[in-house]
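Below is one structure; the comments refer to it alone.
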Amino acid sequence: MKFFAMLLAFVAPGVLLAQQEPVPKDSSSAFAVFPPDEGSPFFAQRQSAKYAMSQEGQELLESERVAVFPKSKDSPDSVTSIFKRFFTDMFASVRLGRLRPEKTTQELVAEPSEFSLAERRELDATYTVRNNTKNLLRLDFNTTQRIDMQTDDSSGKVIEKWSEDRAFMLQEGIVIVNPKERIEYSEKVATREMKPSETYTIKADVIGYPDYTATTTVTPSP
């Protein structure tokens with residue numbers, strides 16, 4: 001009995017040591033490459049990339065016209081260039097209207113608008129120039145004449161000129177038109193050279209300022 005107890009005391013540590021000794025591992029397992037998990041989304045992406053690089057994938061990309069943008073920003077196929085061309089083409093046909101009113105507006109009214117040559121020898125013509133700005137409008141003149149009027153027939157021939165039978169002095173003058181106000185001239189237009197049922201154009205302008213021109217038409221009856 002004592003012999004067996006001594007034997008057990010001698011063998012037991014070795015058994016315990018044998019149980020605790022680590023199992024040797026394969027040295028190549030640390031560098032082993034395991035196959036990808038087919039359920040992983042990375043596996044699907046790698047497969048898609050591999051498929052895209054194949055001949056069949058390239059044909060599919062070409063058929064779908066997949067856009068590939070160059071890295072150079074100055075390239076005609078770059079994103080910036082494409083956007084510029086897009087907006088340029090979009091607004092190429094757009095024409096913006098005038099954002100500001102005209103500096104002046106002119107109007108010429110001949111009365112009566114309907115008349116008989118047998119009854120009217122003259123027409124009352126009113127010529128108006130309006131200053132639409134917020135500044136003073138200054139008009140300079142070399143003589144005492146401020147405006148002129150003329151009447152043209154349908155062929156453009158001048159049949160009557162308002163200033164022909166009037167005399168003007170060589171005297172400089174200035175006309176000032178306040179902001180948002182107007183100047184108005186009322187004169188007479190002769191009808192003696194007019195013919196029935198023919199249309200005539202009456203034109204008025206400021207002397208030395210051809211941009212300030214207004215016209216109207218009349219068609220007299222017999």
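The values are calculated or read from the model by the stated rules, or taken from the named source; none is laboratory data. Everything quoted here is computed from the prediction, not taken from an experiment. A quick note on method: Cβ atoms are made from the backbone with ideal geometry, for glycine too, and the neighbour counts reach across all protein chains shown. Note: accessible area is taken over every heavy atom of the protein model, side chains too, but ligands, DNA and RNA are not part of it. Shrake-Rupley method; radii C 1.70, N 1.55, O 1.52, S 1.80 Å.
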(request) Could you grab me the full set of residues in the stretch 118-135 that are at pLDDT 95 or above and hydrophobic (A, V, I, L, M, F, W, C)? (result) LEU123, ALA125, VAL129
(message) Criterion first (assigned to a strand (DSSP E or B), among the β-branched types (Val, Ile, Thr), in contact (Cβ under 8 Å) with a residue 40 or more places away in the chain and open to solvent by less than 50 Å² (accessible area, probe 1.4 Å)) does ILE183 satisfy it?
(response) yes
(message) Can you pull out every residue in the stretch 127-165 that is within 30 Å of GLU193 (Cα to Cα), open to solvent by less than 30 Å² (accessible area, probe 1.4 Å) and of a type in the set (A, V, I, L, M)?
(response) VAL129, ILE147, MET149
(request) Take the residues in the stretch 100-121 that are part of a strand (DSSP E or B) and open to solvent by less than 90 Å² (accessible area, probe 1.4 Å), then tell me which one is farthest from SER221 (Cα to Cα). (result) THR104
